[in-house]
1. Please state which one of Leu207, Leu188, Leu203, Leu218 is within 14 Å of ligand 2 (Cβ to nearest atom), modelled with pLDDT of 95 or more and buried (at least 20 other Cβ atoms within 10 Å of the Cβ).
2. Only one residue in Ser338, Ser295 is out of contact with any strand residue (DSSP E or B) (no Cβ under 8 Å at 6 or more places or on another chain) and surrounded by 22 or more Cβ atoms within 10 Å (Cβ to Cβ), so which one is that?
3. Looking at Ile337, Ile347, which one is part of a loop (DSSP other than H, G, I, E, B) and under 29 Å from Met129 (Cβ atoms)?
4. How many residues are more than 13 Å from ligand 2 (Cβ to nearest atom) and part of a helix (DSSP H, G or I) when one looks only at the stretch 315-330?
5. Checking the conditions here, which among Phe99, Phe144 is buried (at least 20 other Cβ atoms within 10 Å of the Cβ) and in the same structural domain as Thr25 (by TED's automatic domain parsing)?
6. Mind counting the residues in the stretch 82-98 that are among the acidic types (Asp, Glu) and closer than 12 Å to Ile121 by Cα?
7. Within the stretch 219-269, how many residues are more than 12 Å from Lys330 (Cα to Cα) and within 12 Å of ligand 1 (Cβ to nearest atom)?
8. Out of all the residues in the stretch 49-80, which are closer than 15 Å to Val38 by Cα and surrounded by fewer than 19 Cβ atoms within 10 Å (Cβ to Cβ)?
Amino acid sequence: MKKKRIGVIFGGQSGEHEVSLMSSTSIIKVIDREKYDVVMIGITKNGEWLLYNGDVDKIKSGEWEKEGIRAFFPPNANYKGLITFSNGKEEFHPLDIVFPVLHGPRGEDGTIQGLFEISQIPYVSSGVMSSALGMDKFFSKKLFDHAGLPIVKYKVFHKKEILLDIETIIQIVERDLGYPCFVKPCNLGSSVGVSKAHNRPELIDALQIASKYDRRVLVEEFVKAREIELSVFGNNEPKVSIPGEIIPSNEFYDYVAKYFDGGKTKLIIPAPLSESVIKRFQELALKAYRALDCSIYARVDFFYNEEQDKIYINELNTIPGFTHASMYPKLWEATGISYPQLINKLIDLAFERYEEIKQ
Ligand SMILES: Nc1ncnc2c1ncn2[C@@H]1O[C@H](COP(=O)(O)OP(=O)(O)O)[C@@H](O)[C@H]1O
Ligand SMILES: [Mg+2]
C-alpha cells in the first residue's frame, strides 16, 4: 500500500508554543514510518508557517526555525497540502492528513480546525465547535452543567466591567464566592493568567491580570480538592482510561509547576481511589466528552473533594500535553495501550471521522 503523508504541525502562536515543541517531538519520533511519511510543519510565535526537513532534535530548542522554508497551507480543497516558494520556485507538497500538535489559542480552539475543514483534509483533533468549546472555560461549564456534570460555583465578568466598575465585581465575588477564589481568563491554558486570590487586594490584581488575556474573566470558588485526570479517545464510541492524579509542587498547578519545576510535580498513576469512585470518574469523563461532542481524543480534568466525596469537573483539553512524560499518554500506557499504538489509533480515528462527515 502506498504510504500516506502526514503533516505534523508544531509551535504556534500561543503561550504554549514550547510545550507544543516538546509534544510534537515525541509524536514525530514514533509515527509508524511503514505506513506514513512525516512532513514537519512549524508555526513560529509570529505566525509564520515553515516547512522543516531537518533533524527532529532541533525542534525543541527552536533551532528548526533557521532551516524552515516559508510555507502556505491554502484554504483550497483542491490543494490539500503545503505550497512553498524557495529560490523563485513554487513547490506543492501534498498531504493526506494533518496532526495539529498545538496547545492553546489558534491551535486548540477551533480556528486552525476551520482551515482544515475548508481544505477538506482529515485532521487529528476534535472539530471546530468542540475545540472552541473545550477552550472556553465559561461555555464548556454551561454545557457540562446542562449535561448534569457537577461544576464549581462561578461568576463571569467582562473586561469592560472590570475596567469601569471593579467595586461591584468585588462585592459580587465576596458575597457569592468568598476567599480564596480562582480568577482565570476564559480562553487560555497552561495556567497563564490564572491566580488564586486570598483577599481583596489580590482579587483586584488577579482580575486585572486575567483581563489582559481575554475579554471575559471567570471567577470560581476555591475547592479544596485532589486533582484527577482521565484520558478519552474515540468518535462515536469513546473509551476512557484509568484516572491519574496530579500533585502540584506549588500552591496550585500553575505554569511553573506544570513545566519548570524539574519534576517536583507528581503524576500518580493510577490515582489511589476506590473501584466505585473510579467508575464514577470514568462515567463523568465520557459524559463530558459527549457534552462537547468531542472526537478523536481529549483529557478531562476533575477536582475531587474526598471529605465530602464530591467530584467537580474542571475542564476538558482537546489537545492535551503529549510528551512521553505527559498525563494523557501515560494514562493510556497504564491502561494497556503503548505510546506508539496510541498515536496510530488517533490517526485512524481521524480518518474515520473524516469519512463520516465528508460530503
Ligand atoms: N476552583 C478551583 N479551586 C481550586 N483550585 C483550582 C481552581 N481552579 C483552578 N485551580 C488550580 O489552578 C490550576 C489551573 O487552572 P485550570 O482551570 O485548570 O487552567 P488551565 O487551563 O490553565 O490548566 C488547576 O490545575 C488547579 O491546580
Ligand atoms: Mg488545567
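The values are calculated or read from the model by the stated rules, or taken from the named source; none is laboratory data. Please read these numbers as outputs of a predicted model, since none were measured by experiment. Using ideal geometry, Cβ is built from the backbone for each residue, glycine included, and neighbour counts are taken over all protein chains shown.
1. On the way: Leu207 fails: within 14 Å of ligand 2 (Cβ to nearest atom); Leu188 fails: modelled with pLDDT of 95 or more; Leu203 fails: within 14 Å of ligand 2 (Cβ to nearest atom).
Of the residues listed, the single one that is within 14 Å of ligand 2 (Cβ to nearest atom), modelled with pLDDT of 95 or more and buried (at least 20 other Cβ atoms within 10 Å of the Cβ) is Leu218.
2. Ser295
3. Numbers: Ile347 fails: part of a loop (DSSP other than H, G, I, E, B).
Going through Ile337, Ile347 in turn, just one is part of a loop (DSSP other than H, G, I, E, B) and under 29 Å from Met129 (Cβ atoms): Ile337.
4. Selection size over the stretch 315-330: 2.
5. Phe99
6. Restricting attention to the stretch 82-98, the residues satisfying the condition of being among the acidic types (Asp, Glu) are 90-91, 96.
After this cut, where a residue has to be closer than 12 Å to Ile121 by Cα as well, the list is 96.
Matching residues across the stretch 82-98 total 1.
7. Number of matching residues: 25.
8. Asn53, Gly54, Asp55, Val56, Asp57 - these are the residues of the stretch 49-80 that are closer than 15 Å to Val38 by Cα and surrounded by fewer than 19 Cβ atoms within 10 Å (Cβ to Cβ).
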